[in-house]
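Single-structure report; data block below.
The values are calculated or read from the model by the stated rules, or taken from the named source; none is laboratory data. Keep in mind the model is a prediction, meaning the values are calculated, not measured. When we count neighbours, we look across all protein chains shown, and the Cβ atoms used for this are built from the backbone with ideal geometry, even at glycine.
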2 protein chains.
Amino acid sequence: MSKKKISDLLKKGQFTVNGSLWLEGDGVRFFGPGPVQLLELIQETGSINQAAKKMQMSYKKAWQLVDNLNAMSAQPMVITTTGGEKGGGSSISEEAIQMISYHQQLRARFKKFLEEETLRLK
Amino acid sequence: MSKKKISDLLKKGQFTVNGSLWLEGDGVRFFGPGPVQLLELIQETGSINQAAKKMQMSYKKAWQLVDNLNAMSAQPMVITTTGGEKGGGSSISEEAIQMISYHQQLRARFKKFLEEETLRLK
DNA sequence: GATCGTTATATCTTCAAAGATATAACGATA
DNA sequence: TATCGTTATATCTTTGAAGATATAACGATC
């Protein structure tokens, strides 16, 4: 019996290999797709609050992500200030910019991997 | 300023790139690591019930996975019989064996990808 | 028809994650 | 000192997934 293509084994028409990637430190996941987008939006808006709103995330969750990121990194990724003229605000560090850049490249390589694997199904 | 290694940006010592993969049909995830092990154990034990116990999964969840797998595949991956001498039992189809084999190869390639990406951090 | 262990299914309970809400702290400006 | 919008934090509610439990259906064997 000849070997069938995987897609022949399955019922529906459109199949893809998909997945997700993250950085792990001592078994703890800490840098997935969510945080990257949040960092980008903090950079754009200058505020955790506004960044959270833009991605329809609760402020609470956004703050937790920021807190977690800062705890895991050698230098803070997000610098926050409270009070002042505009009530405060946040900016991202050079390290955060490098992490964003790295993550974009990583995602691009992963995307290629997934596309190759999806082709292999057919 | 020279570009730092990613691992220098982070606090703790041991970092890895990790992730998970699955097959998707019409946006619905349906074939991850859990089902593969379950299929293997059904093949080994001849019973959904015993397979579930071996991997410390509730029968309910195991049965749901089996039901889902059969619904997604052109031919059933698990053939079940009820009643009879031993109360019934289950076996896996040729298609399931092919899926297991495919998934093992896919995991091996993914493992290589993750290892390469982890090396890149350092 | 009584027995057996399994499949098949429904229902109830638990538990953790997420969301909603409220409020204190902050500090430049006027 | 009053105002402002933001950060920082606590607490309560909601929700969905998982787990626990119970039971019917099944059919070869005796």
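Quick notes on this structure:
- For the range A:8-17, the set of residues classified as polar (S, T, N, Q) and assigned to a strand (DSSP E or B) consists of A:Thr16 only.
- Flag for A:Met57 being of a type in the set (A, V, I, L, M, F, W, C), more than 18 Å from A:Gly88 (Cβ to Cβ) and more than 14 Å from DNA strand C (Cβ to nearest atom): no
- All told, B:Gln43 meets the bar of being surrounded by 14 or more Cβ atoms within 10 Å (Cβ to Cβ), assigned to a helix (DSSP H, G or I), within 15 Å of DNA strand C (Cβ to nearest atom) and more than 7 Å from chain A (Cβ to nearest Cβ).
For every residue, the table says whether it meets (1) part of a helix (DSSP H, G or I); (2) within 16 Å of DNA strand D (Cβ to nearest atom); (3) within 9 Å of another protein chain (Cβ to nearest Cβ); (4) at pLDDT below 95.
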| site | (1), (2), (3), (4) |
| --- | --- |
| B:Gly19 | no, no, yes, yes |
| B:Leu23 | no, no, yes, yes |
| B:Arg29 | no, yes, yes, yes |
| B:Gln37 | yes, yes, no, yes |
| B:Met57 | no, yes, no, yes |
| B:Gln64 | yes, yes, no, yes |
| B:Gly84 | no, yes, no, yes |
| B:Gln104 | yes, no, no, yes |
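- Meets criteria (facing chain A (nearest Cβ under 9 Å), free of Cβ contacts under 8 Å to residues at least 12 places away in the same chain and either assigned to a loop (DSSP other than H, G, I, E, B) or surrounded by fewer than 16 Cβ atoms within 10 Å (Cβ to Cβ) (or both)) for B:Lys4: yes
- One residue alone among B:Leu114, B:Leu121 is away from DNA strand C (no atom under 16 Å from the Cβ), within 9 Å of chain A (Cβ to nearest Cβ) and over 21 Å from B:Trp22 (Cα atoms), and that residue is B:Leu121.
- Condition check for B:Ala71 on (1) away from DNA strand D (no atom under 16 Å from the Cβ); (2) at pLDDT below 90; (3) under 30 Å from A:Phe31 (Cα atoms); (4) touching a Phe, Trp or Tyr at 6+ places or on another chain (Cβ under 9 Å): one failure, at (3).
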